[in-house]
Amino acid sequence: MNKKLIKFNSGLRLIVCENTSVRSLSMGVFVGAGVITEKENEAGISHFIEHMVFKGTEKRTSFDIVNEMDEIGANINAATAKSFTYFYTESLDEHVEKCMDILSDMYFNPKFDSKDLKKERKVVIEEIHESEDDPFDVLMSNGTKLSCGGSQFENEILGTKASLMAIDSDMLKSYHSRLYVPSNTVISIAGNISPEKAEKLVNKYFESKMQKSEKVIVDYPAAPYVSASVKKKKDIAQSHMAFYFPDKLSPEDERGREVLGVLSLILDGGMSSRLFQNIREKLGVCYSVGCMRSSYKNNGRMVIYTSTSPDKVEKTVSAIRHELDVLKEKGVTEEELSKAKEQVKTAFVLAEERTRSVMNTFGQKAIMEDKLYNPDERLKIIDSITKKEVDEMAIQVFDYDCLVTSLVSRDTKPDILKLFKK
């Protein structure tokens, strides 16, 4: 795969990952606009703009945007994260110019019409309602808010109903003009296209319309480590639980993040993993149990989550604590380490063969760290990870003095933080 990072005079960056063995092409426009860039009165505005750019431009209606994509059999979508927003297309390689034309139009010329804003505000509020109805979403939202309290990462991507009601067209335009600038934008393209052709098209549809801007400076404050619990009463059959541990890694510690990824897979890497075998298979107290990482810059968390019947909460919490105690005291086995490393590499290589995954990975790396992602270097790091590193990481991360718990259940009497620590 031919990979190239091109920097334009305006500050705009282009990443091209050429793959001549496919006929597809994925293209993403990444903007450093998310929760972390929102002021107090702008909560949810990054995500709202993600919605509003689909409502029409100066030359295209909302129907025109999706209809033109349907006419060439392409997909168009967008997403907002805590630190960035991106808009992307997936198409045949022959339709790259049409896709870029539409993405450019949406980037430069959103109308932010007041009537459309009022309608779309209702849609986003319904999205909030939908999230509030999902116990898993509530569980993770509450846990993140408490665990990251003291930093902007505690805020919701969707904002709140109150903050959305206060957002008007002028606010959208002001925020858009502040952050949708070349120095804060990365275009990532993966698939059957040469760097030369990609650069020519980006010059035509983006760079030629850009005005050089000052670099957007974003602060990533680290939340203080706390140990606390949050509960939410909900009339549901199961008790949903999450256990948050700060990873304590610096933003520059790439090797540490890979070690953490291997550790996560040892706990939750398929049906032979520790949590699945010992919590679900042997005890039978839950249907699903897992471990995942939230890699917020300066605020990374390792989260263990499960759900069970209210009468099995204490037994389940005790079992999770036992698994972590054993892990910290005895460490991992060489067999577990080898298996987890192969799982990481396999998932990584399979993703490298999908243009959307490549576009996404390289785009995120560039918008977050201003560098070209190096897959080969990552594979070398994974291969070199030792048992000692994983054992030390388990002791560092699973610090019970920094544990935050989240519970969503019809029975909120149990204090799962106290149950875990007793």
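The values are calculated or read from the model by the stated rules, or taken from the named source; none is laboratory data. These figures come from a predicted structure and were not determined experimentally. Cβ coordinates were reconstructed from backbone atoms using ideal geometry, including for glycine residues, and neighbour counts include every protein chain displayed. Accessible surface areas use protein heavy atoms only, side chains included; no ligands, DNA or RNA. Shrake-Rupley method; radii C 1.70, N 1.55, O 1.52, S 1.80 Å.
Nonpolar atom fraction for the range 6-55, defined as the carbon and sulfur part of the 1.4 Å probe accessible area, stands at 44 percent. The length gained by stretching the chain between R23 and K173 to full extension, at 0.36 nm per residue less their Cα-Cα distance, is 50.3 nm.
Assuming a ≥ b ≥ c are the square roots of the Cα gyration tensor eigenvalues, decide whether the range 1-78 counts as rounded (a/c under 1.5), prolate (otherwise, with a/b larger than b/c) or oblate.
oblate
Here the gap between E335 and E314, fully extended at 0.36 nm per residue and compared with their Cα-Cα distance, gives a gain of 4.4 nm. The simple spin-label model puts a point 7 Å past each Cα toward its Cβ; for K413 and D64 those points are separated by 6.3 nm.
Taking only protein heavy atoms and a 1.4 Å probe, the accessible area of the range 101-153 is 47% carbon and sulfur.
Ignoring any ligand, DNA or RNA, what whole percent of the accessible area of the range 302-422 comes from carbon and sulfur when the probe is 1.4 angstrom?
49
Heavy-atom accessible surface of the chain, averaged per residue, reaches 45 Å², computed with a 1.4 Å probe. Between D325 and S250, what is the spin-label point distance in nm, taking each point 7 Å from the Cα along the Cα→C-beta axis? The two pseudo-label positions are separated by 3.5 nm. For the modelled label position 7 Å from the Cα of D137 along Cα-to-Cβ, which residues of the range 300-317 have backbone nitrogen atoms closer than 20 Å? Taking a point 7 Å out along Cα→Cβ of D137, the residues of the range 300-317 whose backbone N falls under 20 Å are 305-307. Sites listed here are chymotrypsin sites (Phe, Trp or Tyr not before Pro) in the range 226-300 whose DSSP assignment is loop and whose Cβ has at most 15 other Cβ atoms within 10 Å: Y287. For the range 219-310, the square roots a ≥ b ≥ c of the C-alpha gyration tensor eigenvalues yield an a/c of 1.5 or more together with a/b not exceeding b/c, which makes the shape oblate. Between the range 202-240 and the range 269-285, the alpha-carbon centres lie 32 Å apart. Fully extending the segment from A79 to A162, taken as 0.36 nm per residue of separation minus the present Cα-Cα distance, adds 27.7 nm.
In this structure, E71 and K200 have a Cβ-Cβ separation that, at R0 = 22 Å, corresponds to a calculated FRET efficiency of about 0.40.
In a reduced charge model with +1 at each Lys and Arg Cβ and -1 at each Asp and Glu Cβ, the chain shows a dipole moment near 580 debye about its Cα centre.
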